[in-house]
Structures are given as structure tokens and as C-alpha cells.
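Report on one structure; see the data block that follows.
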Amino acid sequence: MPIYVYWGEDDFAIEKAVAVLRDRILDPLWTSFNYTAFPPDQPDAIIQALNQVMTPTFGAGGRLVWLINTTLCQQCPENVLGELQRTLAVIPEDAFLLLTSRNKPDERLKATKFLKQFAQEFREFPLIPPWKTELLVQAVNQAAQTVGVKLTPQTAELLAESIGNDTRLLYTEMEKLRLFTEGSNKPLDVKTVTQLVRNTTQNTLQLAAAIRTGDTAKALGIIADLMNASEPGLRIVATLIGQFRTWLWVKIMMEGGERNPQAIAKAAEIANPKRIYFLQQEVNSLSVQQLISSLPLLLELELSLKQGASETSILQTKVIELCQVCQRR
């Protein structure tokens, strides 16, 4: 059926998928007649979209109706559900209904089940967890291939460390690197990438390392650098939570007597078992209790940021508390 449902936190990836869909469906000469987007604050947007998608297509190409950031898969009144059930099965073959949302669809909802039944594509666009370095490197190599930039394994790893899971920033930096290397067939070297791409994610990992060693002064200095680089607080805390959870799993497995790197890697959701040796060295000076005590502080930090607390102030406060936890012997 000509129905597409896209959701997830990777806004840039969703935008790219929508652009591909739009280019494939619409005839450029008839776009103004056959393309309609309904923002979430528009009254009766869902009903209007369902009516619009049933309207015959004008001229060449198909019709695309887009419900932007819709809540249809989170809450659906009975009257809307009834209209949905009447419409989806009879949408014309040359008309397409697109729904996008940042939130995961509620699988228990009747509207979600009905959409899944009729959707041609029901697809999630998640952000890669900042601590899954292997997946980040894969994303960098894929972006480089798409844009037309040649990288070495070392430069791909450096870009993954520098950019993290910010897909929009990744493609922006790739375009910059493509322009810089235009006319050259040589892969980019580490020195060039270091000069052209600002490093924020790596600094967040350095922040995690400073907290782990209880180095308060260094941790606060890194916080200042991240704030000066306009790094979002929620992205910082996401990286910290992922890193501390990984350390906790590794430490629990170690204290449980597990020595097999593959088994530890599987429990900690680490793709490369070779990382386990280095992670074990990192957590040698910490106890399981210290790592457990760190997680509520990180969750409090995340909650405070989501509630609108001052980023610099709350980050500084919680980083000091975290360093104190890691200093206890």
C-alpha cells in the first residue's frame, strides 16, 4: 500500500528519506498541485490529510501527503480511527501518505496496528549510541562513499570520535572535506581531518575518563571547552551514560569471574571483543558500587537538562559529584 511511516531521533536521516521519497513520487512541474505537508499544530491535520490523499492527482507524477511530527501513533481518538480505517484501504495507487514522528509508535494502539497492516514501509531512524564506535565508523564510511570522500581507516575512526552520532554534522563535515579535496584522488590524512573537523565527542569521552579518575579540575575544564563549542548538554550526558553503563557491565562480569572477552563483550553489547582488555584496565581502580552510584547522578543530570536547567551550571555540579564518587576508596 502507498503508506510510509518513519520515526526516530535521527531527524537528518528522516529528512533525507523524505527527500528521496518526494523526488521519486512527484513530478517537478506538478509539485505545487500534488504535494501537501501538514504541520502538527494545524487543526484537524489528520482528517485533512486523509481527505487530501483521496483527491485525484493533477497532471503527471503522483500525489504525496505528509503528516509532519504526527501523534497519530501515540494517541488516536475514535473519530480519527474510524476515518483512518475507512481511508487506508482505498487510497489511490498514485497517492502516497507519509507519517513522520520523533517518538516510537505505540504498538498497543489500534491506529498503529492498522498502519502496520497497510504500510509499505514502517521504518525507524535511530541515533547510533555514542559508545558503539564500530557502528559510528561504519556510518562515517557510508557517508564518505555517498558524498565522494576518500578516507583511510585511521581518518574514519577519527571522524567517528570527533562527530559521534550527529548525522547532520557528519554530512556537513563530509561536504567540507569534499570541497577541500576536490580534484585529488588521495585519501585524507589524519592531520588534515584534525585541522578541519572540530572534535566534540572525543572530548566527551575524555570527560568520562577524567570523571573515572576523579580529576575534578580536568573534568571541569573539559566541560568549559564543550560549552564553548556549543555541544548540547543532552548529547554529553548520553555519551556519559553509555560509557558508565559499559564500564559497569565489564566490572560486574570481571567480579563474577568471567574471563572470556567474547562473553563480556556480548553482555556489554560491545561489537569488538578486543576492546575488552582496555576497558578492564580502565575499571581496575573502580568498584561495582562506585559505578552503580554514578548512574543515578547521570540520570538526575539528564532529567534536569530535559526540564530546562542551566546546562553549564548543572553539568558542573553533577560532574563534581561524579568525581567525588569515583575518588572514594
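Please go through segment 12-27 and pick out each residue that is in contact with a Phe, Trp or Tyr (Cβ under 8 Å, 6 or more places away or on another chain) and either aliphatic (A, V, I, L, M) or more than 12 Å from residue 61 (Cα to Cα) (or both). So that I can check it myself, show each step before the final result.
As a first pass, look at segment 12-27 and keep what is in contact with a Phe, Trp or Tyr (Cβ under 8 Å, 6 or more places away or on another chain): 12-14, 17-18, 21-22, 25-26.
Result: 12, 13, 14, 17, 18, 21, 25, 26.
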The condition of being open to solvent by less than 20 Å² (accessible area, probe 1.4 Å), within 16 Å of residue 118 (Cα to Cα) and at pLDDT 90 or above holds, among 67, 50, only for 50
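Can you name every residue in segment 20-58 that is of a type outside the set (Val, Ile, Thr), more than 29 Å from the chain's Cα centre (by Cα) and closer than 19 Å to residue 121 by Cα? Don't jump to the end; show me each part of the working.
To start, the set of residues in segment 20-58 that are of a type outside the set (Val, Ile, Thr) comprises 21-24, 26-30, 32-35, 37-45, 48-52, 54, 56, 58.
Within this subset, residues satisfying the condition of being more than 29 Å from the chain's Cα centre (by Cα) are 27-30, 32-34, 43-44, 48, 50-52, 54, 56, 58.
Of everything in segment 20-58, just one residue is of a type outside the set (Val, Ile, Thr), more than 29 Å from the chain's Cα centre (by Cα) and closer than 19 Å to residue 121 by Cα, namely 50.
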Of the candidates 245, 328, the one satisfying the condition of being among the basic types (Lys, Arg), under 28 Å from residue 198 (Cβ atoms) and touching a helix residue (DSSP H, G or I) at 6+ places or on another chain (Cβ under 8 Å) is 245
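Can you tell me how many residues within segment 233-285 are touching a Ser or Thr at 6+ places or on another chain (Cβ under 6 Å) and either among the aromatic types (Phe, Trp, Tyr) or surrounded by fewer than 17 Cβ atoms within 10 Å (Cβ to Cβ) (or both)?
Our first condition is that a residue be touching a Ser or Thr at 6+ places or on another chain (Cβ under 6 Å); within segment 233-285, this holds for 236, 239, 244, 268.
Narrowing the set further to residues that are either among the aromatic types (Phe, Trp, Tyr) or surrounded by fewer than 17 Cβ atoms within 10 Å (Cβ to Cβ) (or both) leaves 244.
Count: 1.
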Residue 22 vs (1) surrounded by fewer than 16 Cβ atoms within 10 Å (Cβ to Cβ); (2) among the basic types (Lys, Arg); (3) touching a residue at least 40 places away in the same chain (Cβ under 8 Å): all pass except (1)
Taking residue 105, is it within 30 Å of residue 276 (Cα to Cα), surrounded by 14 or more Cβ atoms within 10 Å (Cβ to Cβ) and in contact with a Leu (Cβ under 8 Å, 6 or more places away or on another chain)? no
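Does segment 292-306 contain any residue that is touching a Pro at 6+ places or on another chain (Cβ under 7 Å), of a type outside the set (Ser, Thr, Tyr), open to solvent by less than 50 Å² (accessible area, probe 1.4 Å) and without any contact (Cβ under 8 Å) to a residue 60 or more places away in the chain? Steps first, answer last, please.
Quick first cut of segment 292-306, residues touching a Pro at 6+ places or on another chain (Cβ under 7 Å) only: none.
Looking for residues that are touching a Pro at 6+ places or on another chain (Cβ under 7 Å), of a type outside the set (Ser, Thr, Tyr), open to solvent by less than 50 Å² (accessible area, probe 1.4 Å) and without any contact (Cβ under 8 Å) to a residue 60 or more places away in the chain, one finds none in segment 292-306, hence no.
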Checked pairs for segment 209-220, first touching a residue at least 24 places away in the same chain (Cβ under 8 Å) and over 10 Å from residue 326 (Cα atoms), second among the acidic types (Asp, Glu) and open to solvent by 40 Å² or more (accessible area, probe 1.4 Å), C-beta under 8 Å and 6 or more apart or across chains, list as 209/282
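The values are calculated or read from the model by the stated rules, or taken from the named source; none is laboratory data. If you're wondering where the values come from, they're calculated on a predicted model, not measured in any experiment. Please note: Cβ atoms are built from the backbone with ideal geometry, for glycine as well, and neighbour counts cover all protein chains shown. The area values use the complete protein model at the heavy-atom level, side chains included, leaving out ligands, DNA and RNA. Shrake-Rupley method; radii C 1.70, N 1.55, O 1.52, S 1.80 Å.
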